[in-house]
Structures are given as C-alpha cells and as structure tokens.
Amino acid sequence: MTITDQRGAAIDLRTAPPETMAPQPAIVIDGVSKVYGHAGAAVPALDRVSLRVAEGEFVCLVGASGCGKSTLLNLVAGLDRASHGRVERPGGQVAMMFQDAALFPWLTVARNVELAMQLQGVGRAVRRARVAELLELVHLGSFADKRPHELSGGMRQRVALARALAQEARVLLMDEPFGALDAITRDLLHDELERVWRETGVTVLFVTHNVREAVRLGDRVVLLTSRPGRVAAEFQVTAPRPRRIESPEVAAAASTIVDQLREEVARHGRH
Ligand code: ADP
Ligand code: MG
C-alpha cells in the first residue's frame with residue numbers, strides 16, 4: 001500500500017520491505033517467539049516475529065512500552081534464546097547500547113573506550129590510535145582524560161557509541177539510547193548518530209517508543225503491537241536526509257504511523 005495523500009508524502013506503506021532494494025542481510029529474524037516463565041505464569045512476549053535488516057540499513061523498531069522491543073534486541077544480541085524461531089547475524093560483530101551509558105566511573109573516557117579492545121586482546125599501540133580516532137569520530141577528542149561524571153548525559157552516550165564501535169561492531173543494537181536525554185541534546189545526538197552511521201556504514205537496529213524519533217532516523221520503521229509483540233506494519237521512510245524531528249514532513253509521517261498504531265490497538269483490544 002502506498003499513501004498518496006499529502007500527509008503521507010514522506011513515507012511509503014508496505015507490508016514487506018522491497019526485496020529488490022535489499023542487499024545482504026545483516027540481521028535475520030525468522031518466526032521468532034518468546035515466552036517468559038512456564039505454564040501458569042507464562043508471559044508471551046513475542047509472537048512469530050520476522051524481520052530482515054539489510055547491511056548498512058537503519059531500521060527503527062517502535063511500539064508501546066512492554067510490547068517486547070527489548071526482548072527482541074536481547075535475542076538479536078544473543079543475550080537470551082528464542083522459544084521458537086531463528087535469529088542470525090550474518091552482518092558480523094554486534095554491540096548493544098542502552099539508555100544508561102554504563103561507563104566505568106573510575107576510568108577516563110579514553111580508558112572506557114580502550115577497555116573494550118583490551119578485553120579482545122588488541123595491542124596497546126593499536127588501541128591508543130584507535131581510541132583517538134573513535135573519540136574524534138564522536139567529537140570528544142578533547143575529553144579523552146575526563147571522567148564520566150565530568151560529562152553531560154549526551155556526551156556519555158557518545159562515549160558509549162565510541163565504545164560500541166571499538167568492539168569492531170558492524171551491527172549496532174540500540175535500546176532507547178536517547179530516552180533519558182533532553183530534547184535539544186537528543187536532536188544533536190540524532191545528527192551525530194546519523195553521521196557516524198553514514199561514515200562507518202554500520203547496520204543499526206534502533207528501538208524507541210517515540211514515533212517521531214523513529215521517522216527522524218530510520219530508513220524503515222517497523223511497528224510492533226503488544227502482548228504478544230507482533231510486527232503490525234512497516235513503513236519505508238522516503239523523506240530525504242538529514243531530517244529534522246520538528247519538520248512537517250516528519251510530523252506527518254509520524255502521525256500516519258500513530259494512526260495505524262491506534263487502529264491496531266483497537267483491533268486487538270486495549271492492553
Ligand atoms: P519493551 O522493551 O517493549 O518495553 P520488554 O521486551 O521489556 O518490552 O517486555 C515485553 C514483555 O515481556 C513485558 O510484558 C514484560 O513484562 C515481559 N518480560 C520482559 N522480560 C521478562 C523477564 N525476564 N521475565 C518475565 N517477563 C519478562
Ligand atoms: Mg524496553
């Protein structure tokens with residue numbers, strides 16, 4: 001389905017991604033279900049979710065709180081096992097980012113980033129050079145010797161991004177990474193993340209409950225419904241980059257998605 005009215009000009013509604021445009025997949029999620037607990041206390045969190053993320057693609061996963069977004073990311077990261085179905089990561093090394101940067105407070109910015117490489121056995125000279133490069137990439141070159149408490153929340157998330165890339169990650173799994181930031185800082189981080197994505201060619205699977213944020217960032221927005229989480233719809237975002245979260249185009253596309261989300265909720269009953 002393609003929206004032809006003015007409101008939907010920035011997105012294209014499809015039931016499936018256009019296969020012809022999809023190169024090698026970096027993430028394959030195939031009929032994945034997840035049930036927590038057993039028997040009487042079983043919580044079905046995901047129900048037959050299938051999703052492919054192409055190499056270099058930026059996919060945003062949106063849905064209400066509790067719909068299974070974190071569960072799905074954890075399965076992709078290999079932190080937990082699916083009850084049914086298959087998860088593959090042909091795109092290579094994955095790294096996770098969360099709302100909390102989770103830096104070691106007693107280590108400097110540079111050492112926090114370096115530690116990821118040290119644990120992988122990378123030699124000291126190579127590590128140092130790479131840390132400098134990564135801190136430049138996230139515009140924190142002059143903060144290498146600071147400690148986390150001396151940084152703002154946005155800067156700490158940029159350190160976390162540098163640390164994720166230090167693990168030679170080719171796939172970034174981001175679980176509401178900017179959820180705790182104020183709007184201005186978050187906008188800035190959107191620009192930064194988009195630039196890093198473009199410059200490094202990494203694949204991004206980005207989870208948010210903020211539909212506008214998803215439209216601001218994603219090549220594609222995948223909508224999950226609740227209890228259990230199912231893929232309800234996919235939207236190809238066709239508005240040119242860089243997008244502004246406050247732009248009428250992003251707002252219109254987001255409201256179309258929200259309308260669809262409402263319909264889905266109405267159809268499946270309230271939760
Ligand atoms: P989201 O990230 O979209 O907010 P989650 O993936 O955290 O959703 O949770 C999906 C559902 O699974 C929720 O109903 C939640 O309560 C449940 N859930 C998540 N983790 C566990 C767990 N470890 N044990 C039992 N239930 C869980
Ligand atoms: Mg979550």
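Assorted remarks:
- Checking each residue in the stretch 212-266 for being in contact with a Cys (Cβ under 9 Å, 6 or more places away or on another chain), part of a helix (DSSP H, G or I) and within 16 Å of ligand 1 (Cβ to nearest atom) picks out Glu213, Ala214.
- Filtering the stretch 86-95 to residues that are assigned to a loop (DSSP other than H, G, I, E, B) and either within 16 Å of ligand 2 (Cβ to nearest atom) or on the phi < 0 side of the Ramachandran plot (or both) leaves Arg89, Pro90, Gly91, Gln93.
- Exactly one residue among Glu194, Glu176 is outside the structural domain of Arg128 (by TED's automatic domain parsing) and on the phi > 0 side of the Ramachandran plot, and that residue is Glu176.
- If you go through the stretch 166-188 and keep only what is under 19 Å from Lys146 (Cβ atoms) and open to solvent by 10 Å² or more (accessible area, probe 1.4 Å), you end up with Leu181, Thr185, Leu188.
- Those helices (runs of 4 or more DSSP H) of the stretch 96-176 in which at least 2 residues are free of Cβ contacts under 8 Å to residues at least 24 places away in the same chain, considering only elements entirely within it, cover 109-119, 124-137.
- Leu193 assigned to a strand (DSSP E or B) and either within 22 Å of Pro25 (Cβ to Cβ) or within 14 Å of ligand 2 (Cβ to nearest atom) (or both): no
- Failed criterion for His149 (all others in (1) surrounded by 19 or more Cβ atoms within 10 Å (Cβ to Cβ); (2) in contact with a Pro (Cβ under 8 Å, 6 or more places away or on another chain) hold): (1)
- Pick from the stretch 193-208, criterion of a type outside the set (Ser, Thr, Tyr) and surrounded by fewer than 17 Cβ atoms within 10 Å (Cβ to Cβ), ranking: farthest from Arg244 (Cα to Cα): Gly201
The values are calculated or read from the model by the stated rules, or taken from the named source; none is laboratory data. The structure displayed is predicted, hence computed values, not measured ones. Using ideal geometry, Cβ is built from the backbone for each residue, glycine included, and neighbour counts are taken over all protein chains shown. Note: accessible area is taken over every heavy atom of the protein model, side chains too, but ligands, DNA and RNA are not part of it. Shrake-Rupley method; radii C 1.70, N 1.55, O 1.52, S 1.80 Å.
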